[in-house]
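Below is one structure, written out as structure tokens; comments come after it.
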Amino acid sequence: LCTFYMINKYKFSIVVALIIMYLSLANSQTFDKVSFLEKIPDFDKLVHACMYFGLTSVIILENRMPLFFSGRIFLIGLIPFSYGILMEILQAYLTRTRTGDVFDALADGAGIVISVLLLVWIKPFKNLRSDNN
């Protein structure tokens, strides 16, 4: 029952994490059809930042009430960052067409930080708007 509750509460975070896992561990030839994007310098780093921005944002939204009141918003970033490190390690050891990259992990971290900072920046405006009504 507790496991079902946790899965149900975090279903969107789990789905996003599974999508990231697929994108991280799939054979790199799977993505050859979008090779025109490779011409953009460091496009893969932008993709990493966007994926982890999305994951962090979903985790934050699924935990919004406890995070707002407890001030743990910065600690929540450790979950996707740890997941990103795990994906880089798995790429290095479980795949043949992928390599683990420290710069990918840093791009993951950038997406996480942007998500957390955006929430911290938006929260006062949200409170201000609700106070005026």
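Quick notes on this one:
- Segment 83-104: number of residues that are assigned to a helix (DSSP H, G or I) and either in contact (Cβ under 8 Å) with a residue 60 or more places away in the chain or buried (at least 18 other Cβ atoms within 10 Å of the Cβ) (or both): 8
- Only one of the numbered conditions (1) modelled with pLDDT of 90 or more; (2) surrounded by fewer than 15 Cβ atoms within 10 Å (Cβ to Cβ); (3) farther than 18 Å from A17 by Cα is not met by R64, and that is (1).
- Look at (1) of a type in the set (F, W, Y); (2) more than 17 Å from G111 (Cβ to Cβ); (3) at pLDDT 85 or above and you find that Y52 fails only one, number (2).
- Positions within segment 105-131 being at pLDDT 90 or above, of a type in the set (A, V, I, L, M, F, W, C) and open to solvent by less than 100 Å² (accessible area, probe 1.4 Å), in sequence order: A105, A107, A110, I112, V113, I114
- Search result, residues across segment 1-18 that are touching a residue at least 12 places away in the same chain (Cβ under 8 Å) and assigned to a helix (DSSP H, G or I): K9, F12, S13, V16, A17
The values are calculated or read from the model by the stated rules, or taken from the named source; none is laboratory data. It should be emphasised that the depicted structure is a prediction, and the values quoted were computed from it without experimental measurement. As a convention, Cβ positions derive from the backbone with ideal geometry for all residues, glycine included, and neighbour counts pool all protein chains shown. Remember, those area values only see protein heavy atoms, side chains included, never the ligands or the DNA or RNA. Shrake-Rupley method; radii C 1.70, N 1.55, O 1.52, S 1.80 Å.
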